[in-house]
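S.K.: Here it is, the structure in full.
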Amino acid sequence: MPWHPHLWHPTTQVATSPVPLQVRSARGSELELADGRRLIDAISSWWVTLHGHAEPAIAAAIARQAQELEQVIFANFSHAPAEQLATRLSALTGLERLFFSDNGSTAVEVALKIAWQWWRNQGSNRRQVIAFEGAYHGDTFGAMALGERSLFTDPYEPLLFAVARVAWPHSHWSDETVEQREQHALGQLEQALETPTAAVIFEPLIQGASGMRVVRPPFLRAVAERVRAAGALLIADEVMTGFGRTGDLFACRRAGIQPDLLALSKGLTGGFLPMGVTMASERLYQGFISERPEATFFHGHSFTANPLGCAAALASLDLLQANPERFQQFELRHTPFLEELARHPLVRRPRCVGTMAAFDVDAGQASYLNPVGKQIQRHCLEQGVYLRPLGNVVYLLPPLGISASQLERCYAAVKLALDTLLQS
């Protein structure tokens with residue numbers, strides 16, 4: 001089947017990529033292709049499918065809401081689903097105010113704009129923003145500027161603002177030098193914070209797109225302490241890590257830190273509908289309450305607080321809170337398989353946090369463009385498992401509802417792919 005004559009697929013080089021697979025339907029952890037084949041979706045369709053495809057409770061909630069209120073402008077109106085979601089997420093995050101947007105990048109953009117304007121509203125000229133090496137915060141311009149400069153951002157470099165960078169001391173199971181590298185990174189942060197800083201942004205516990213790079217909770221607590229001491233704002237990007245992905249409802253909770261701003265998306269609606277939210281403290285919210293029009297936060301989206309998305313998010317939260325063991329114990333499901341893979345001669349730096357398990361493949365340069373990732377993807381597809389390695393980094397981030405036999409099949413496919421590479 002040829003490429004569709006009118007579609008433009010994301011992050012895909014048509015000249016060198018195979019034609020996309022036609023998906024007919026999906027249920028649970030499986031995708032059904034048009035030719036009848038079934039694939040286990042081992043990466044939750046870019047980390048969004050939280051419970052499983054076509055989760056009945058969420059589908060039913062959307063259907064009920066669609067019969068009552070599908071959309072209304074949120075500048076002059078409010079509605080019960082948005083209010084209920086704001087109340088619940090405030091209680092769960094410790095942040096009192098919720099601002100709606102429509103995806104992860106815009107949730108980060110909103111956090112950045114709130115932080116920046118809040119200082120302006122206070123009459124402060126703090127301008128520096130600090131991010132971590134290897135960060136990825138999205139593909140809109142502010143989010144790109146915050147992220148690591150790379151192949152993805154090179155064409156837009158002249159349009160991106162300057163950001164101070166601090167090392168990200170990621171670790172793995174057998175890391176013996178992590179404490180030393182953490183101290184080095186904290187020293188860099190302290191030096192950077194000597195310049196008046198508006199905000200520090202980070203991905204708590206795991207940097208996703210840069211290769212599932214994990215840091216330890218004590219490092220993040222030390223970061224938060226230094227940011228607080230410097231008077232800067234702390235922004236947590238939990239677009240990927242939120243909603244049970246790291247073994248707690250939010251990675252910040254597992255790390256024991258409280259940010260001033262929190263960006264959420266992906267699993268927010270269980271993967272059913274695009275929606276983003278930015279949680280903010282009451283202190284920041286009050287900084288925009290003024291008789292002066294210029295103090296207003298002038299930001300919005302046509303589908304802000306879409307009732308269907310809110311209904312999906314509420315149903316997803318119901319499922320998470322009714323079955324916390326599904327994400328709290330997921331690490332224990334990964335561990336025996338990952339321990340076995342760790343003995344493979346091509347596997348380096350195994351790591352696991354919550355529902356995410358990853359390792360590096362010892363096959364050439366560590367790079368997103370390393371072709372070994374596409375080779376492993378192809379071998380796993382032949383075994384009925386869909387993965388999308390980040391270059392030489394292979395990871396599994398399956399839906400919470402994946403069965404024991406399906407998870408075992410995923411690891412068996414990965415091992416067979418590694419064995420095939422070793423023999424070639």
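S.K.: Looking at the chain, send over the antiparallel percent of its DSSP beta bridges, to the nearest 5.
M.R.: The antiparallel fraction comes to roughly 65 percent.
S.K.: If I stretch the segment between Ser90 and Glu382 completely, what's the gain in nm (0.36 nm per residue apart, minus their alpha carbon distance), one decimal?
M.R.: Details: separation 292, 0.36 × 292 = 105.12 nm, distance 4.44 nm.
So the chain would gain 100.7 nm between Ser90 and Glu382.
S.K.: Then there's this: Within segment 305-341, name every residue whose backbone N is under 20 Å away from a label modeled 7 Å from Cα of Phe77 along the Cβ vector.
M.R.: 305-314
S.K.: Could you tell me the center-to-center distance, by alpha carbons, between segment 316-355 and segment 275-306 in angstrom?
M.R.: 37 Å
S.K.: On to the next question. Cut-off under 17 Å on the C-alpha distance; same-chain residues fewer than 8 positions from Lys266 excluded. Which aspartates and glutamates are left, in chain and number order?
M.R.: Once the sequence-local aspartates and glutamates are set aside, what remains near Lys266 is Asp41, Glu55, Asp102, Glu109, Asp139, Glu203, Asp237, Glu238, Asp248, Asp318.
S.K.: Among the trypsin sites (Lys or Arg not before Pro) within segment 98-148, which fall in a DSSP loop and have no more than 15 other Cβ atoms within 10 Å of their own Cβ?
M.R.: Passing sites in segment 98-148 are Arg127.
S.K.: Rounded to the nearest 10 Å², what accessible area does Val14 show when all protein chains are kept and the probe is 1.4 Å?
M.R.: Around 80 Å² of this residue is reachable by solvent.
S.K.: Let me ask you something else. In nm, give the distance between the simple-model label positions of Glu282 and Glu325, each being 7 Å from the Cα along the Cα-to-Cβ direction.
M.R.: 3.7 nm
S.K.: Still on this structure, I have one more. Apply 1/(1 + (r/R0)^6) to the Cβ-Cβ distance of Ser174 and Ile289, taking R0 = 56 Å, and write down the FRET efficiency to the nearest 0.05. Write down the numbers at each step before the final one.
M.R.: Working: r = 52 Å, r/R0 = 0.92.
For R0 = 56 Å, the calculated efficiency reads 0.60.
S.K.: Applying the Karplus parametrisation 6.51 cos²θ - 1.76 cosθ + 1.60 with θ = phi - 60° to the phi angles of segment 178-187, what ³J(HN,Hα) value in whole Hz is obtained for each residue in order, glycine and proline being reported as x?
M.R.: My calculation for segment 178-187 gives 5, 4, 5, 6, 5, 5, 4, 5, 5, x Hz in order.
S.K.: Once label points are set 7 Å from the Cα along Cα→Cβ at both His184 and Glu157, what is their separation, rounded to one decimal in nm?
M.R.: Roughly 2.5 nm, to one decimal.
S.K.: Express in Å², to the nearest 10, the accessible area of Ile62 obtained by rolling a 1.4 Å probe over the protein heavy atoms while all chains stay in place.
M.R.: So the heavy atoms of Ile62 present about 30 Å² to solvent.
S.K.: I would also like to ask the following. So, taking all protein chains as they sit and a 1.4 Å probe, how much accessible area belongs to Thr87, in Å² rounded to tens?
M.R.: Rounded to the nearest 10, the figure is 100 Å².
S.K.: What are the GluC sites (Glu not before Pro) within segment 131-235 that DSSP puts in a loop, where the Cβ has at most 15 other Cβ atoms within 10 Å?
M.R.: Here the GluC sites (Glu not before Pro) that fit, given the DSSP loop and packing criteria, are Glu176, Glu194.
S.K.: Can you give me the three principal axis dimensions of segment 14-98 from its C-alpha atoms, in Å, biggest first?
M.R.: 46, 31, 28
S.K.: Same structure again: Given 25 °C and 0.890 mPa s, compute D for segment 133-191 with the Stokes-Einstein relation, Rh being the Kirkwood radius over Cα pairs; round to the nearest whole µm²/s.
M.R.: After rounding, the answer is 189 µm²/s.
S.K.: I'm spelling it out carefully: the read-out is Rg and Dmax of the Cα atoms in Å, the candidates are (1) 19.8, 62; (2) 21.0, 65; (3) 21.5, 71, and one was derived from this structure. Which label?
M.R.: Of the labelled values, this structure produces (3).
S.K.: Taking a ≥ b ≥ c as the square roots of the Cα gyration tensor eigenvalues, with a/c under 1.5 meaning rounded and otherwise prolate when a/b beats b/c, else oblate, which class fits segment 119-262?
M.R.: Rounded is the answer for segment 119-262, as its axis ratio a/c remains below 1.5.
S.K.: Another one. Find the centroid of the Cα atoms in segment 237-267 and in segment 39-100, then give the distance between the two in whole Å.
M.R.: Each part reduced to its Cα centre gives a spacing of 16 Å.
S.K.: Which percent of the accessible area of segment 107-244 is formed by carbon and sulfur heavy atoms (probe 1.4 angstrom)?
M.R.: C and S fraction of accessible area: 53 percent.
S.K.: Further question on the same structure: Using a basic spin-label model with each label point 7 Å from the Cα along Cα→Cβ, how many nm lie between Ser124 and Gln191?
M.R.: 2.4 nm
The values are calculated or read from the model by the stated rules, or taken from the named source; none is laboratory data. On a predicted model such as this, the values are computed, not experimentally measured, just so you know. Here the Cβ is made from the backbone with ideal geometry for all residues, glycine too, and neighbour counts use every protein chain on show. Surface accessibility is based on the protein's heavy atoms, side chains included, excluding ligands, DNA and RNA. Shrake-Rupley method; radii C 1.70, N 1.55, O 1.52, S 1.80 Å.
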